[in-house]
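Okay, structure first, notes after.
Just so it is clear, none of the values below were taken in a lab; they were calculated from the coordinates. Please read these numbers as outputs of a predicted model, since none were measured by experiment. Counting neighbours? That spans all protein chains shown, and the Cβs are built from the backbone with ideal geometry, glycine included.
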Amino acid sequence: MKIIEVQYLHKRFNGFVAVDSISFSVEKGEFFGLLGPNGAGKTTTIRMLYGFLPPSQGSIRIFGMDITRDWRKIKARIGVCQQDNTLDPDLTVAQNLYVFAGYFSVPKKEASSRGKELLDFFALSHKKNAKVMDLSGGMARRLILARALINQPDLLILDEPTTGLDPQSKHQVWEKLETLKEQGLTVLITTHNMDEASRLCDRLIIIDHGNILVEGSPQELIIRYAGKNVVEVEGPDQALRSYVSANHIEHDDLGRRMVLYSPEGSDLNHTVRDRFCTEKCIYRNSTLEDVFLRLTGRELRE
Amino acid sequence: MTHSAFLSWRFLKVWKRNLVVYRRIWKVNFITPLLEPLFYILAFGLGFSGLIGQVQYGGTELSYTEFIAPALIATAVMWNSFFETTYGSFVRMYYQKTFDAILATPLSLEEIIIAEIVWSATKAVGAAAIMLTVLALLGFIHLPQGILLIPMAFLGGLAFGAIGMFFTGIIPTIDMFNLPIFLFITPMFLLSGTFFPVSNLPQWVRPMALVFPLYHLTEMARWFSLGTKETGAVTSIGYLTLFFLFFAFLALKAMRKRIIR
């Protein structure tokens with residue numbers, strides 16, 4: 001059963017095309033990633049999905065309903081964790097959950113028991129009467145997640161849920177998200193963190209300039225676009241360059257550094273080590289980050 | 001999609017959020033309306049009135065203190081509601097991103113905006129009720145008809161809350177609220193028959209005063225507390241209602257353009 005079904009979605013702002021006719025769908029129980037550099041159209045797409053922005057063209061169906069017509073029914077069943085800290089600083093930690101439950105018309109008693117449960121789950125019970133301003137970045141992020149779950153959503157939408165967190169907080173958030181995934185929740189996530197995407201996503205798309213570049217599982221994409229292993233050679237010489245082009249080895253030449261992608265079963269590692277490694281060489285597994293950089297380029301975006 | 005689909009009773013959820021916040025600092029919220037009338041009565045009524053004597057208003061003679069006491073409630077309604085939907089709403093919308101958070105729930109932007117305006121009117125009612133109590137105890141407001149000041153405060157609060165929200169929808173930065181306050185609120189505060197009767201103004205200025213919503217609010221305040229007036233109550237109630245509807249409509253349009261694009 002399809003939870004999200006996006007067809008030919010298009011968004012323009014005063015002539016600027018932010019999202020250019022993209023289509024994708026998300027199955028029930030799937031953890032789906034939306035990746036792309038800054039300004040690629042991720043947040044715009046997400047905002048259209050939860051009914052914040054109206055699409056210029058195309059259609060969005062969530063739970064089989066049309067977002068422009070049944071927006072209220074859809075929004076009642078999704079939880080959103082926005083990129084900015086949108087916690088209510090005028091309220092305490094617990095009040096943030098209860099007042100939010102009110103927006104979803106959750107009965108008071110029910111809201112109170114769900115609130116307690118969520119504070120417990122996100123290790124925030126000891127902070128329930130604290131002011132939101134006094135929370136650390138990690139705690140604030142966990143509270144935003146808790147708030148996004150207060151309506152017991154069938155779909156969770158996360159816009160960069162771990163940006164700016166320290167490694168401890170980040171891993172804690174990942175563990176919580178994995179628990180939710182095990183419970184069968186459907187999740188759509190945007191992120192710049194490729195470890196996060198590899199670890200959590202069942203399937204993902206990479207978008208740039210408002211278009212979908214690729215779609216697949218992290219493993220599939222890595223094999224397809226970055227091979228099995230990577231060798232990074234610092235200060236590559238002419239001999240290596242000639243060898244690479246003569247043998248048609250997939251590579252990126254960055255001048256001071258060359259990145260070589262070797263498929264499964266290749267002995268490129270040994271060849272480089274024996275013949276071409278003049279300064280420093282790094283031998284490692286291919287990652288989603290390699291795929292991302294190969295597809296979206298290495299220039300700065302902003 | 002019709003606009004009616006975006007408006008429902010659910011706006012009360014956002015209204016209630018503001019009430020929860022208000023109750024957290026209710027003591028601070030109570031002090032101003034409690035003390036403000038006392039200061040004014042002390043300064044103008046006792047200090048200033050010796051220079052003035054009686055005021056001719058609506059065919060009767062009033063002491064200066066009697067004359068300004070109801071107007072104090074009208075101006076408090078204006079300040080409370082206008083400040084709530086300008087500075088208050090702007091901070092919630094722009095700095096706290098409270099509206100963004102609510103827009104991820106089954107509420108519409110229209111419901112949020114209407115809730116903010118209704119909330120500003122509620123706050124104005126709260127201030128008016130406290131001032132009413134103080135001024136009635138001092139004998140400046142006749143009861144029971146003075147109770148009608150409460151619904152009047154609500155209507156006035158809606159009118160000023162709506163125009164405040166309209167400014168919030170179009171203003172680029174929070175400092176620029178100085179402009180409507182200096183060009184609209186201050187002249188209105190001074191020239192709406194609050195501190196002297198509009199009939200004292202030169203003939204050519206008078207129609208301007210009649211356009212000010214505060215003039216009509218002050219008129220109603222005097223009518224309900226003293227039983228005297230210059231303009232008909234129906235005209236004033238009608239004017240304030242239309243003023244509210246007109247600016248609520250403009251505020252909704254401006255906010256939709258600002259937030260959703």
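Summary of computed values
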read-out: Equivalent-ellipsoid semi-axes of the protein assembly as shown, from the Cα gyration tensor, Å, largest first; value: 62, 23, 21
read-out: Long-range HN-HN contacts of A:Asn229 with modeled amide H, under 5 Å; value: A:Ser262, A:Ser286
read-out: Cα extents of chain B along the three principal axes, largest first (Å); value: 59, 42, 33
read-out: Helix B:149-170 vs. chain B, principal-axis angle (Cα, 0 to 90°, nearest 10); value: 50 degrees
read-out: Between the stretch B:138-192 and the stretch A:103-157, the Cα center-to-center distance that results, in Å; value: 37 Å
read-out: Candidate lysines - alpha carbon under 24 Å from A:Lys228, same-chain residues fewer than 8 apart omitted; value: A:Lys280
read-out: Set of lysines with alpha-carbon distance to B:Lys229 below 27 Å, sequence-local pairs under 8 removed; value: B:Lys123
read-out: Compactness of the stretch A:1-110, expressed as Rg and Dmax over alpha-carbon positions, Å; value: 15.7, 49
read-out: Unpaired by the 4.7 Å Cβ criterion, cysteines found in chain A; value: A:Cys81, A:Cys201
read-out: Neighbour-limited loop hits for trypsin sites (Lys or Arg not before Pro), the stretch A:35-114 (at most 14 other Cβ within 10 Å; DSSP other than H, G, I, E, B); value: A:Arg69
read-out: Relative contact order [Cα under 8 Å, 6+ residues apart], chain B, whole percent; value: 25 percent
read-out: Sorted by Cβ neighbour density within 10 Å, fewest at the top, the residues A:Asp88, A:Asp166; value: A:Asp166, A:Asp88
read-out: Subset of A:Lys116/A:Lys181; A:Lys73/A:Lys131; A:Lys128/B:Lys13; B:Lys16/B:Lys253; A:Lys42/A:Lys109 violating a 26 Å alpha-carbon distance limit; value: A:Lys73/A:Lys131; A:Lys42/A:Lys109
read-out: Cβ-placed point charges (K, R +1; D, E -1), dipole of chain B about Cα centre in debye, nearest 20; value: 980 debye
read-out: Calculated P(r) of the stretch B:148-261 - Cα pairs past 18 Å, %; value: 54 percent
read-out: Mean ellipticity per residue at 222 nm, deg cm²/dmol - from DSSP H runs of n ≥ 4 across chain A, formula -39500 (n - 2.57); value: -10000 deg cm²/dmol
read-out: Helical contribution to [θ] at 222 nm, DSSP H n ≥ 4, -39,500 (n - 2.57), averaged over chain B, rounded to 500; value: -20000 deg cm²/dmol
read-out: Loop GluC sites (Glu not before Pro), the stretch A:213-284, which have at most 16 other Cβ atoms in a 10 Å radius of their Cβ (DSSP); value: A:Glu250, A:Glu264, A:Glu279
read-out: In degrees, nearest ten, helix A:137-148 long axis to first principal axis of chain A (Cα); value: 60 degrees
read-out: Alpha carbon centroid spacing (whole Å) that separates the stretch A:25-93 from the stretch A:230-302; value: 38 Å
read-out: Candidates per chymotrypsin sites (Phe, Trp or Tyr not before Pro) in the stretch B:190-261, loop by DSSP, up to 12 other Cβ within 10 Å; value: B:Trp204
read-out: Spherically averaged projected area in nm², based on the convex hull that wraps the Cα atoms of the stretch B:41-97; value: 5.1 nm²
read-out: Amide H partners (placed H, <5 Å) of A:Gly36, local residues excluded; value: A:Thr191, A:Ile207
read-out: Summed residue charge, Cβ within 12 Å of B:Tyr22's Cβ, Lys/Arg positive, Asp/Glu negative; value: +4
read-out: Cα gyration tensor category, rounded, prolate or oblate, for the stretch A:228-285 with a/c compared to 1.5; value: rounded
read-out: At 1.567 mPa s and 4 °C, Stokes diffusion of the stretch B:98-189 via Kirkwood alpha-carbon radius, µm² per second; value: 85 µm²/s
read-out: Solution diffusion estimate, µm²/s, Stokes-Einstein, chain A, Kirkwood Rh from C-alpha pairs, 20 °C, viscosity 1.002 mPa s; value: 101 µm²/s
